[in-house]
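All remarks here apply to the structure that follows.
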Amino acid sequence: MESLVHQVIGWFALPRNGLSSVFVIAFVSATLLPLGSEPAVFGYAKLNPDQFWVVVLVATLGNTLGGMVDYWMGRGAKAALARKTGTARYLAWFERLGPKALLVSFLPVIGDPMCTVAGWLRLPFWPCVMWIAIGRVIRYSVMTGLLLWVPDGWWRWLLQPFTG
């Protein structure tokens with residue numbers, strides 16, 4: 001079992017596997033599995049600052065494709081299950097906004113299920129892809145840029161009211 005764990009860790013080793021690891025991690029983290037891709041994106045960008053936009057685009061592509069897996073799972077789920085009445089208000093809001101609601105599908109906890117709901121509602125595929133990709137490229141650009149270029153300790157001012 002221990003050798004299996006070391007083998008899996010080796011598959012995702014950033015310095016050796018690089019952008020392919022970032023792509024896979026971003027893809028998997030966009031599915032309903034609980035995994036965050038930001039540390040991998042930041043780690044790669046920190047090791048290769050000249051490839052900032054390359055890593056952002058690779059992560060965005062992987063994360064968007066993972067979101068589309070959620071979309072297709074939602075389409076399949078609707079065919080297999082009946083609608084639950086407790087979610088009617090959320091679904092009505094989602095239908096009213098349409099694919100534009102997916103701009104915020106990068107948010108933790110609610111983002112990946114939003115892609116599934118878009119498939120469930122059979123919202124138009126390509127507009128969904130576009131809005132998911134826009135939201136995720138903004139997320140990766142802002143988060144990675146802040147981590148790379150804002151001086152160390154910039155966040156400490158947030159803790160001052162709590163530390164006295």
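Scan the stretch 11-26 and give yes if some residue there is at pLDDT below 85 and at positive phi, otherwise no.
yes
Considering only the stretch 46-55, how many residues are surrounded by fewer than 24 Cβ atoms within 10 Å (Cβ to Cβ) and touching a Phe, Trp or Tyr at 6+ places or on another chain (Cβ under 8 Å)?
Result for the stretch 46-55: 1.
Name the helices (runs of 4 or more DSSP H) wholly within the stretch 73-164 that hold at least 1 residues that are at pLDDT 65 or above, surrounded by 14 or more Cβ atoms within 10 Å (Cβ to Cβ) and not charged (D, E, K, R)?
Where helices (runs of 4 or more DSSP H) fall fully within the stretch 73-164 and carry at least 1 residues being at pLDDT 65 or above, surrounded by 14 or more Cβ atoms within 10 Å (Cβ to Cβ) and not charged (D, E, K, R), they are 88-97, 111-120, 125-149.
Would you pick out the residues in the stretch 51-72 that are over 24 Å from THR116 (Cα atoms) and at pLDDT 90 or above?
The answer is PHE52, TRP53, VAL54, VAL55.
Considering only the stretch 24-52, state which residues are of a type in the set (A, V, I, L, M, F, W, C), in a helix (DSSP H, G or I) and under 21 Å from LEU107 (Cβ atoms).
ILE25, ALA26, PHE27, VAL28, ALA30, ALA40, VAL41, PHE42
The values are calculated or read from the model by the stated rules, or taken from the named source; none is laboratory data. In this text, all values refer to a predicted model and were calculated from it rather than measured experimentally. Note that we place each Cβ from the backbone using ideal geometry, even for glycine, and neighbour counts take in every protein chain shown.
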